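The numbers here are math on the coordinates, done by the rules we state, and not lab data. The model shown is predicted, which means the values in this text are computed figures rather than measured ones. Using ideal geometry, Cβ is built from the backbone for each residue, glycine included, and neighbour counts are taken over all protein chains shown.
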Amino acid sequence: MTPFPSPEEAARLALDLDRGVSLPASWYTDPAVLAREHDRIFRRGWQYVGRADQLARPGDYVTGEAGGVPVVVVRAEQGLRGFVNVCRHRRHLVAVGAGNGTLLRCPYHGWCYDLDGRLRSAPRADREPGFDPTGLSLLPVRVDGWGPFVFANADPGAGPLASTLGDLPDIAARNGLDFAGLRFRSREGWRAAGNWKVLLENYLECYHCPVAHPGFSSVVDVRPDAYSLHAGEWFSAQTAPARSGAPRAAYDAGGPVALAQYYYLWPNLTLSTHPGHPNLAVHVWLPDGPDHTRGFTDRFFPPDAPEEFVRALAEFTRQVVTEDQSLTASVQLGLRAGLPERGRLLPRSERLVLHFQKLVLRALSAG
Ligand SMILES: [Fe+2]
């Protein structure tokens, strides 16, 4: 496979990014680029699949996907184990959803695996001379965690999640993000027009907020001197105070959480906390072809969160999402034209967009 981009092209693109010139439009529309991203980014990156509270008891399991690979994470004797959730027999998916059991039983022909992934039994196997279940274990995947979040990685050579997280847990904790008081409330799946990078780049700047999000900007102080951007190696953070004395705020942002916080973790996870009562939304963004994105959002609140706050915040975020989806759908139409081939970004206000594009370039250029 010819390297994409070539080392010369990658060096040129990196210099361009330094002066605010974006990645080429074709990177957002070309199926060949998406295929490369699949191999170099999603097949190698840590993917949030479930929560520690779903995996508290021996035999608990949760299913998800990591880089297009169906995975199952189980609580075995020795701790959390992750497997490719595909039967060694005819490649049917083994586990569905989440639950608890002493064995994972494939629903197709009944092959049973123990919680360490070993093939324990296969109907009629005793009638087959020389059938040897050793060597037919579920294939392993890496599992790791951050706070209440369980991640899987389809790349057996992946480094620990901690090296992707870097200082992110410390920074989030310093900003007051406290997972301990939060409980899972709901998961919502979604799909939107726009390349996955278009959607994430929109998440990574609030330059558009005063123009495109009047409601949001009435609650969060989006002025450039109040809204702070921080880039780590593989993550970034945006924080901003709630506006004080907003005359017509979209919801009541008074409460113990003073800062709006928007965290991004390579390659496709974001965590959003809005000011007011404690709240957290965790979003996973996945490519669905070059020009659409699908994903899910897990929401967390304290068990005693006021229902009125939960309802008002849901309405507030729905409004922001509706506005964003119209923006990103339009960007995708513009990118499809391929003209202009490159965009001109503002290196200060869109620092985190450029940071993200550099990570994409780095990942696609890597051998
Ligand atoms: Fe937005």
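Taking H as built 1.01 Å from N, whose amide H comes closer than 5 Å to the amide H of F151, not counting residues under 5 places away?
V49, D144, G145, W146
Take the alpha carbon atoms of the range 229-270, find their center, do the same for the range 42-61, and report the distance between the two centers in whole angstrom.
The distance from the Cα centre of the range 229-270 to that of the range 42-61 comes to 26 Å.
Run the quick spin-label model on S330 and F296: label points 7 Å from Cα toward the beta carbon, then report their separation in nm to one decimal.
3.2
Given a Förster distance of 41 Å, report the FRET efficiency between R91 and S244 from their Cβ-Cβ distance, rounded to the nearest 0.05.
0.10
Restricting things to alpha carbons, tell me how big the range 47-157 is in terms of Rg and Dmax, in Å.
For the range 47-157, the Cα radius of gyration and maximum Cα-Cα distance read 13.7, 48 Å.
Counting other C-beta atoms within 10 Å, which of E307, E188, E37 has the fewest, and how do the rest follow?
On the way: E307 8, E188 12, E37 21.
Taking fewest neighbouring Cβ atoms as first place, the list is E307, E188, E37.
Suppose only helical runs count, i.e. DSSP H with n ≥ 4. What mean residue ellipticity at 222 nm does that imply for the chain under -39500 (n - 2.57) per run, divided by all residues and rounded to the nearest 500 deg cm²/dmol?
-7500 deg cm²/dmol
If you rank V282, V211 by fewest surrounding Cβ atoms within 10 Å, what's the result?
Final ranking by Cβ density, sparse to dense: V211, V282.
How long are the semi-axes of the equivalent ellipsoid of the chain, defined as square roots of 5 times the Cα gyration tensor eigenvalues? Whole Å, largest first.
38, 27, 17
How many angstrom lie between the C-alpha centres of the range 6-25 and the range 139-157?
That distance is 32 Å.
With unit charges on the beta carbon (Lys/Arg positive, Asp/Glu negative), name the residue among P267, V310, Y251 whose Cα is farthest towards the positive pole of the charge dipole of the chain.
P267
Amide H of G194: which non-local residues (sequence gap of 5 or more, or other chain) have their own amide H closer than 5 Å, using H built in the peptide plane?
H292, T293
Each residue of the range 140-145 in order: what ³J(HN,Hα) in whole Hz does its phi give by Karplus 6.51 cos²θ - 1.76 cosθ + 1.60, θ = phi - 60°, with x for Gly and Pro?
Listing the rounded values in order: x, 10, 6, 10, 7, x Hz.
How would you rank I171, I41, going from fewest to most other Cβ atoms within 10 Å of each one's own Cβ?
With the sparsest Cβ surroundings first, the list reads I171, I41.
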